[in-house]
1. So, Ser126, is that one in a strand (DSSP E or B), surrounded by fewer than 17 Cβ atoms within 10 Å (Cβ to Cβ), polar (S, T, N, Q) and at pLDDT below 95 or not?
2. Among the residues of segment 109-119, how many are at pLDDT 90 or above and either open to solvent by less than 30 Å² (accessible area, probe 1.4 Å) or touching a Ser or Thr at 6+ places or on another chain (Cβ under 8 Å) (or both)?
3. Scan segment 64-73 and tell me whether some residue there is within 30 Å of Thr142 (Cα to Cα), open to solvent by less than 70 Å² (accessible area, probe 1.4 Å), in a strand (DSSP E or B) and touching a His at 6+ places or on another chain (Cβ under 8 Å).
4. Can you say whether Arg92 is part of a strand (DSSP E or B), charged (D, E, K, R) and either surrounded by 16 or more Cβ atoms within 10 Å (Cβ to Cβ) or on the phi > 0 side of the Ramachandran plot (or both), as far as the supplied structure shows?
Amino acid sequence: ARYDTNELLLDATLFYSRSKDYIDTLPIVGKKDTELYRNTDKAKSYGIELLVEKSFKNSNFTPYTTATLMRRQITTAEYRSYQSGTPSVFGRVGLKHTSQWDVFEREADLFMQGATSAKNVSKPSSESYEADGYATLNLRLTLTTAQSNNFGIEFNNLTNKTYRPIDEQLYGAKRSANVFASYTF
């Protein structure tokens, strides 16, 4: 569902999906550190995605928020659990500023993004793992031409927070920058 005026955008999407034949790894008995890949899992996912964006007359600032509220149940021969490694809430809250500069549209987007804590029990209990909730502060600066070519830089995790997204073995990047460009032809 979408409600869109010149000043307010509200968007909501409900979703439900059932999946089967997920690939999982099973240890091979008698062979240390050897695993077999096999289609074993089923998943049931449902939730809602929300977007709210507010523009103001005579202002180039636009506050916005996006959020996904989600539940995922994994089923195997050994267990059925909602502790599938999927955060129940993840989202973004930000403030964009847009202006014109010569042939470019400039956009500065200061935002926080993050997720709630989650636990994954898809492996034997000795290997189950969890991740704490987190939020990072980020800044993205973009120049866009009339032909939709983009050039920009992102400054990520400005507060240098230590965090680990669920299902990741490595911690998330500390303070970092990404440079990007896209060309439309």
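1. No; evaluated as a whole, the condition is false for this residue.
2. 7
3. For segment 64-73, residues within 30 Å of Thr142 (Cα to Cα), open to solvent by less than 70 Å² (accessible area, probe 1.4 Å), in a strand (DSSP E or B) and touching a His at 6+ places or on another chain (Cβ under 8 Å): absent.
4. So Arg92 passes the test.
Conditions tested, residue by residue: (1) aliphatic (A, V, I, L, M); (2) open to solvent by 60 Å² or more (accessible area, probe 1.4 Å); (3) at pLDDT 95 or above; (4) in contact with a helix residue (DSSP H, G or I) (Cβ under 7 Å, 6 or more places away or on another chain).
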position: Leu9; (1), (2), (3), (4): yes, no, yes, no
position: Tyr16; (1), (2), (3), (4): no, yes, yes, no
position: Glu35; (1), (2), (3), (4): no, yes, no, no
position: Thr40; (1), (2), (3), (4): no, no, no, no
position: Tyr46; (1), (2), (3), (4): no, yes, yes, no
position: Leu50; (1), (2), (3), (4): yes, yes, yes, no
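The values are calculated or read from the model by the stated rules, or taken from the named source; none is laboratory data. Only a predicted model underlies this, so the values are computations on that prediction, with no experimental measurement involved. Heads up, the Cβs are rebuilt from the backbone with ideal geometry, glycines too, and the neighbour counts pull from every protein chain shown. Quick note on the areas: whole protein, heavy atoms, side chains included, nothing else; ligands and nucleic acids left out. Shrake-Rupley method; radii C 1.70, N 1.55, O 1.52, S 1.80 Å.
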